[in-house]
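Since the structure comes first, as C-alpha cells, the remarks are kept for the end.
The values are calculated or read from the model by the stated rules, or taken from the named source; none is laboratory data. Owing to the predicted nature of the structure, the values given are computational and were not obtained by experimental measurement. Cβ coordinates were reconstructed from backbone atoms using ideal geometry, including for glycine residues, and neighbour counts include every protein chain displayed. Note: areas computed on protein heavy atoms with side chains; ligands, DNA, RNA excluded. Shrake-Rupley method; radii C 1.70, N 1.55, O 1.52, S 1.80 Å.
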Amino acid sequence: MIRMLLLLATLAACTFAGSDYAVSLAVVIGLQALPALGLTLLTGYTGQISLGHAAFYGLGAYGAALLSRAIGISPLPGVFLASLLVGGIAWAIGWLVFRLKGHHLAMATLAFGIIVQIAFVEMHGLTGGPNGLSGIAPLSLFGTDLITDAQVLPIVWGALILALLLAQNLIASPVGLVMRAIAEGDRVVGSLGNDVAAVKRKVMMLSGFLCAVGGGLYAHYVGYLSPGPFDVGFSVRLLLMVALGGFANVWGVLFGVAFVTLVGEALKPLGAFDVIAYGVLLVVSVIFFPEGLFAGIATPIAVQVRRLKKGIAR
C-alpha cells in the first residue's frame with residue numbers, strides 16, 4: 001500500500017510540476033514497464049530466459065495499429081484485441097520453445113525475435129516496411145482524442161497499475177509458488193503432479209499479453225511505427241531493466257525501467273551503438289548486483305543506518 005501511494009504521489013508530482021518533458025518521460029517509463037513486467041514474470045519468477053520479448057511488443061503495436069486502420073476498431077478495444085491475439089501467439093511460441101532449456105532456449109527466443117523483426121521490415125504491404133506505418137489514430141476515451149502526454153499518462157499508468165496488481169496476486173497465489181519452484185528445478189515440481197509445461201506456456205501467454213498492451217498503447221501514443229524500436233536491442237534493454245530490478249521483483253522492475261530510460265536519454269548521441277553500453281550494464285549488474293541495483297545500493301545503506309541506531313542507543 002505504501003509503495004502504491006508513493007507511486008501515485010510521484011505521478012501526481014510529474015503531472016502538476018508543469019514540465020512537459022517529465023510527463024513525457026513518465027509515459028515512456030509506463031509503456032516500457034509493461035513488457036518489462038511481463039518479462040519479470042517469465043524470467044524472474046519462472047526462470048525461463050527470453051531474448052525475444054521485443055517481438056511481442058512489436059506485434060502488439062502493429063496489431064493494434066492495423067486493427068484501427070484496416071477495420072476501424074477504436075484504439076483501446078483494438079489494443080485489447082491485439083493483445084489477446086499476441087497472447088495466443090506467445091502461448092504457441094511457448095509450446096515450441098519450452099522443449100528447450102538454458103542457452104538453447106535463449107537462442108530460440110532470440111531467433112524468434114529476429115524473425116519477427118525481419119518480417120516487420122519485409123512485409124511492405126502490411127507494415128510499410130522500413131518506411132514505417134503512419135496515420136495511426138491517437139488514443140480516445142468517450143469520443144475525446146487523447147493528444148497530450150498529460151492526457152495519455154493516466155491511461156498508460158492505469159494499465160500498468162492493473163498489471164502490477166495482477167502480477168502481485170498471481171505471485172502470491174498457489175500458481176505463483178509453482179512458478180518459483182519451476183525456477184529452482186522443474187523436475188521436482190513435475191514429480192509432485194504439476195503440469196510444468198502448461199504453467200510455463202500460461203506464463204508466456206500472460207507475459208506476451210502484457211508486452212502487447214504496452215506495444216499497442218505505444219503505437220497510438222506516437223502515431224507512427226517503424227521496425228527499429230522492436231529489434232534485438234530492445235529485448236536486451238528489457239532484460240537489463242529486469243536485472244537491475246532484481247529479476248523476481250515486480251516493484252523493482254519499475255526502478256529498473258526508470259533507470260534505463262534515464263540512462264537512455266544520456267546515451268542518445270551513441271545512436272544504434274547504445275546497445276553496447278546496455279550490454280555492458282547488463283554484465284556489470286549481473287556480476288556485482290545479482291539482487292538488483294536498487295537492492296545493491298539500498299541494503300548497505302540500511303545496514304549502516306541500523307548500526308548507527310544501535311550506536312546511539314548504547
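Please work out how much length the chain gains when fully extended from Leu96 to Val280, using 0.36 nm per residue of separation minus the C-alpha to C-alpha distance, in nm with one decimal.
Answer, rounded to one decimal: 63.2 nm.
Tell me the net charge near Tyr45. Cut-off is 12 Å between Cβ atoms, Tyr45 excluded, with +1 for each Lys or Arg and -1 for each Asp or Glu.
+1
Assuming a ≥ b ≥ c are the square roots of the Cα gyration tensor eigenvalues, decide whether the stretch 216-258 counts as rounded (a/c under 1.5), prolate (otherwise, with a/b larger than b/c) or oblate. Please report the intermediate quantities before stating the final value.
Working: a/c = 3.82, a/b = 1.85, b/c = 2.07.
Judged from the Cα gyration tensor, the stretch 216-258 comes out oblate (a/c at least 1.5, b/c at or above a/b).
Under DSSP H, which helices of the chain have Cα atoms covering 24 Å or more of the helix axis and a Kyte-Doolittle average no less than -0.5? Before the final figure, lay out the partial values.
Numbers: long enough: 20-39 (29 Å, 1.59); 75-97 (32 Å, 1.80); 102-122 (30 Å, 1.40); 149-172 (34 Å, 1.69); 196-222 (39 Å, 1.04); 293-313 (31 Å, 0.77).
Helices meeting the span and hydropathy rule in the chain are 20-39, 75-97, 102-122, 149-172, 196-222, 293-313.
Please label the shape of the stretch 120-239 as rounded, prolate or oblate, based on the square roots a ≥ b ≥ c of the eigenvalues of the alpha-carbon gyration tensor (a/c under 1.5 means rounded; beyond that, a/b larger than b/c means prolate, else oblate). Provide the component values of the computation, followed by the final result.
Values: a/c = 3.22, a/b = 1.72, b/c = 1.87.
Oblate.
Mind running the shape call on the stretch 212-286? Use the C-alpha gyration tensor, a ≥ b ≥ c as the square roots of the eigenvalues: rounded below 1.5 for a/c, prolate if a/b tops b/c, oblate otherwise. Display every interim value, and only then the final one.
Working: a/c = 1.98, a/b = 1.24, b/c = 1.61.
It comes out oblate by the Cα gyration axes.
Ignoring ligands, DNA and RNA, what accessible area per residue does the chain give at 1.4 Å, in Å²? Mind dumping the intermediate values first?
Numbers: 15150 Å² over 314 residues.
Heavy-atom SASA per residue in the chain reads 48 Å².
Which distance in nm do the two modelled labels at Leu126 and Ala172 give, with both placed 7 Å along the Cα-to-Cβ direction?
According to this spin-label approximation, the distance is 4.1 nm.
What full-extension length gain, to one decimal in nm, is calculated for Leu192 and Thr10 as 0.36 nm per residue of separation minus the Cα-Cα distance?
61.1 nm
What percent does the relative contact order of the stretch 1-109 come to when contacts are Cα pairs within less than 8 Å and at least six residues apart?
Details: 56 pairs, mean separation 24.4, N = 109.
Relative contact order of the stretch 1-109: 22 percent.
For the chain, which whole percent of the accessible surface, found with a 1.4 angstrom probe, sits on carbon and sulfur atoms? Mind dumping the intermediate values first?
Values: 10630 of 15150 Å².
Whole-percent figure for carbon plus sulfur exposure: 70.
Sequence-distant or interchain residues sharing an amide H contact under 5 Å with Leu133, placed H: which?
Under 5 Å from the amide H of Leu133 lie the amide H atoms of Leu225, Ser226, each far enough along the sequence or on another chain.
At Thr144 and Val303, where each label point lies 7 Å from the Cα along Cα→Cβ, what is the point-to-point distance in nanometres?
With each label placed 7 Å out from Cα toward Cβ, I get 5.2 nm.
222 nm [θ] for the chain, helices only, -39500 (n - 2.57) per DSSP H run of 4+, per residue, to 500?
Helix contribution divided over all residues of the chain: -24500 deg cm²/dmol.
Stretch Ala272-His103 to full length: gain in nm at 0.36 nm per residue minus the Cα-Cα span? Could you put the intermediate results ahead of the total?
Details: separation 169, 0.36 × 169 = 60.84 nm, distance 2.53 nm.
Stretched fully, the Ala272-His103 segment lengthens by 58.3 nm.
Compute the separation of the alpha-carbon centres of the stretch 180-255 and the stretch 97-174 and state it in Å as a whole number.
Computed from Cα coordinates, the inter-centre distance equals 11 Å.
Can you tell me, using C-alpha contacts under 8 Å and at least 6 residues apart, the relative contact order of the chain as a whole percent?
Numbers: 472 pairs, mean separation 96.9, N = 314.
Computed over the chain, the figure is 31 percent.
Ordered by packing density, taken as the mean number of other Cβ atoms within 10 Å over each peptide's residues, highest first, how do 222-235, 34-47 rank?
Values: 222-235: 19.1, 34-47: 26.4.
Packing proxy ranking, top to bottom: 34-47, 222-235.
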